[in-house]
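Worksheet: one structure, shown below.
The values are calculated or read from the model by the stated rules, or taken from the named source; none is laboratory data. What you see is a predicted model, and the numbers here were worked out from it, not measured in a lab. Cβ placement follows ideal geometry from the backbone for every residue including glycine, while neighbour counts extend to all protein chains displayed.
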Protein chains: 2
Amino acid sequence: MNITVAIADDHAVVREGIKAVLQKTTAGIEVVAEAANGQQALDIARNSPADIYLLDISMPLLNGLEVAERLSRMSPQCRVIILSMHDDKSSVEKAFQSGARGYLVKENAAEEIVQAVREVYAGKFFLSPEVSRYIVQDFLGGRGQYVRKARFRDLTGKEKEVLQLVAEGFSSKEIAGNLNIALATVQVHRRNIMRKLDIHKQADLVRFALKEGIARL
Amino acid sequence: MNITVAIADDHAVVREGIKAVLQKTTAGIEVVAEAANGQQALDIARNSPADIYLLDISMPLLNGLEVAERLSRMSPQCRVIILSMHDDKSSVEKAFQSGARGYLVKENAAEEIVQAVREVYAGKFFLSPEVSRYIVQDFLGGRGQYVRKARFRDLTGKEKEVLQLVAEGFSSKEIAGNLNIALATVQVHRRNIMRKLDIHKQADLVRFALKEGIARL
DNA sequence: AAAAAAATACCTATAAAGCGGTAGGGCGAT
DNA sequence: ATCGCCCTACCGCTTTATAGGTATTTTTTT
């Protein structure tokens with residue numbers, strides 16, 4: 001029986017590329033579904049589940065890490081491989097904290113995808129060579145994950161909404177109107193966001209949101 | 001005879017995707033070279049030129065727009081199509097100012113690429129539907145380039161410095177200390193920047209600076 | 001059911017940002 | 001050499017952001 005794969009990436013070209021690579025291999029890998037955003041990916045999981053989910057990190061509506069987290073909660077046995085443009089440590093950490101089983105950097109040779117799908121399907125973990133050093137570092141350095149800074153995943157839903165609007169250039173007053181809550185509440189959310197992230201200026205907040213893919217350039 | 005195409009993109013998956021799309025069509029389009037960065041793309045042009053160059057905007061060493069500009073200077077008859085993640089107006093304008101003949105947004109249906117290659121090879125221009133409105137707007141507005149909004153190049157040297165520091169999260173006071181000028185001067189620069197750019201909030205200023213590449217994420 | 005976390009709301013206070021006008025000195029171009 | 005632009009600097013004013021405390025209701029987790 002074939003290994004069924006669902007692809008979620010907002011760029012059609014990338015989806016085509018992955019499909020091309022997976023179908024070039026004679027072996028039993030089949031792309032059974034595609035999603036252009038995180039919400040669609042969740043819909044696929046609910047209605048026509050696949051064995052492996054290839055999720056891009058930056059996607060509209062829900063990013064890949066959030067999708068991974070919800071998938072893990074919905075059905076912990078499901079296998080997620082995160083696709084990313086970047087090989088930064090925090091993304092890698094977040095991916096595995098979100099329940100992903102694999103982390104692929106897009107720059108890589110296409111053949112790696114096939115290998116990753118096979119290994120993750122077999123219950124193993126898979127990392128692009130570029131990022132495996134982070135895992136090794138953490139392993140050598142002991143309790144890496146306990147001392148890490150609070151980040152995006154620690155924000156509540158409302159806080160994420162507020163942060164997105166902040167990054168999109170809305171003032172607290174405008175955000176209050178937009179979300180239909182009081183100005184004071186927005187201010188509290190902003191304060192909590194900044195406390196959690198250890199950020200103290202609007203400019204840094206905007207940069208953080210863009211870096212995390214919460215808002216778009 | 002086949003139309004020969006060279007692809008430059010730092011993401012192997014994207015290159016695979018484009019190749020897959022172009023080779024799926026029975027007609028005479030052939031991918032004869034690939035580059036993973038702008039420098040390689042120039043090497044290809046020098047040593048084994050192709051009819052059409054598909055260039056991603058964001059690449060290491062030289063970005064797609066810079067490559068386009070040099071290609072145009074080297075051999076003005078060569079045909080460049082720019083591939084981009086974004087459909088923002090400034091990128092589109094810069095692409096055509098750099099001598100490109102086509103502008104494709106990656107989100108788009110893959111079939112558009114084939115059409116773009118054919119049309120550009122035939123001496124026409126090609127734009128993704130998402131971005132053609134900018135051209136139309138400019139056309140309808142008459143002398144579009146004269147009335148278009150002031151942008152990065154209209155800022156003076158000091159204004160660019162200030163903008164960069166704003167986008168990097170420094171307050172006016174910190175910027176004054178950094179540049180060794182009075183706080184009041186920084187405030188004037190900020191005001192002039194915002195007036196020129198028609199931007200009125202710090203968050204939008206940060207986003208603008210990141211979009212223009214003045215500051216880094 | 002109880003406990004914890006999140007969302008809501010209000011108050012106060014200081015810092016920073018945004019907007020207005022004004023003005024002198026330097027520097028290049030018409 | 002007169003004009004325009006840039007850089008510099010100051011004054012005043014209003015709005016927004018940041019930061020602190022407190023408290024009630026709702027949701028989530030245990």
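Candidates in region B:157-180 are the residues that are in contact (Cβ under 8 Å) with a residue 12 or more places away in the chain and away from chain A (no Cβ under 12 Å); of these, the one that is nearest to A:I175 (Cα to Cα) is B:V162. Residues in region A:172-183 that are under 17 Å from A:Q202 (Cβ atoms) and near DNA strand C (Cβ under 10 Å from one of its atoms) were compared, and the one that is surrounded by the fewest Cβ atoms within 10 Å (Cβ to Cβ) is A:L183. Scanning region B:189-202 for residues that are more than 7 Å from DNA strand C (Cβ to nearest atom) and surrounded by 15 or more Cβ atoms within 10 Å (Cβ to Cβ) gives B:H189, B:N192, B:I193, B:K196, B:L197, B:I199. Do you know which residues across region A:181-217 are within 14 Å of chain B (Cβ to nearest Cβ), within 8 Å of DNA strand D (Cβ to nearest atom) and of a type in the set (G, A, S)? A:A203, the sole residue that qualifies. Screening the candidates A:V67, A:V32 for the property of being over 21 Å from A:E107 (Cα atoms) and modelled with pLDDT of 85 or more yields one hit, A:V32.
Going through A:E111, A:E93, A:E107 one at a time, which residue ends up being surrounded by fewer than 19 Cβ atoms within 10 Å (Cβ to Cβ) and at pLDDT below 75? Selected residue: A:E111, the only one of A:E111, A:E93, A:E107 that is surrounded by fewer than 19 Cβ atoms within 10 Å (Cβ to Cβ) and at pLDDT below 75.
For the condition within 14 Å of chain B (Cβ to nearest Cβ) and at pLDDT 75 or above, A:A50 does not qualify.
Screening A:G64 on (1) more than 14 Å from every other protein chain (Cβ to nearest Cβ); (2) closer than 17 Å to A:E112 by Cα; (3) touching an Asp or Glu at 6+ places or on another chain (Cβ under 7 Å) shows it passes everything except condition (2).
Among the residues of region A:55-62, is any under 20 Å from A:L104 (Cα atoms), at pLDDT below 85, surrounded by fewer than 18 Cβ atoms within 10 Å (Cβ to Cβ) and out of contact with any Leu (no Cβ under 7 Å at 6 or more places or on another chain)? So far as region A:55-62 goes, yes, one or more of its residues are under 20 Å from A:L104 (Cα atoms), at pLDDT below 85, surrounded by fewer than 18 Cβ atoms within 10 Å (Cβ to Cβ) and out of contact with any Leu (no Cβ under 7 Å at 6 or more places or on another chain). Flag not set for A:V186, criterion: within 21 Å of B:A167 (Cβ to Cβ), without any contact (Cβ under 8 Å) to a residue 60 or more places away in the chain and surrounded by 15 or more Cβ atoms within 10 Å (Cβ to Cβ).
Being away from every other protein chain (no Cβ under 12 Å), under 20 Å from the mean Cα position of the chain (by Cα) and buried (at least 19 other Cβ atoms within 10 Å of the Cβ) is a property that holds for A:A33.
Considering only region A:10-28, state which residues are more than 9 Å from chain B (Cβ to nearest Cβ) and under 23 Å from the mean Cα position of the chain (by Cα). The answer is A:L22, and nothing else.
If the condition is being among the charged types (D, E, K, R) and either under 14 Å from B:Y53 (Cβ atoms) or touching a residue at least 24 places away in the same chain (Cβ under 8 Å) (or both), then region B:21-42 contributes B:E30, B:E34. Scanning region A:119-171 for residues that are at pLDDT below 65, surrounded by 13 or more Cβ atoms within 10 Å (Cβ to Cβ) and assigned to a loop (DSSP other than H, G, I, E, B) returns A:G144, A:R148, A:R151.
So which residues in region B:36-47 are among the polar types (S, T, N, Q) and within 14 Å of another protein chain (Cβ to nearest Cβ), if there are any at all? Those that are among the polar types (S, T, N, Q) and within 14 Å of another protein chain (Cβ to nearest Cβ): B:N37, B:Q40.
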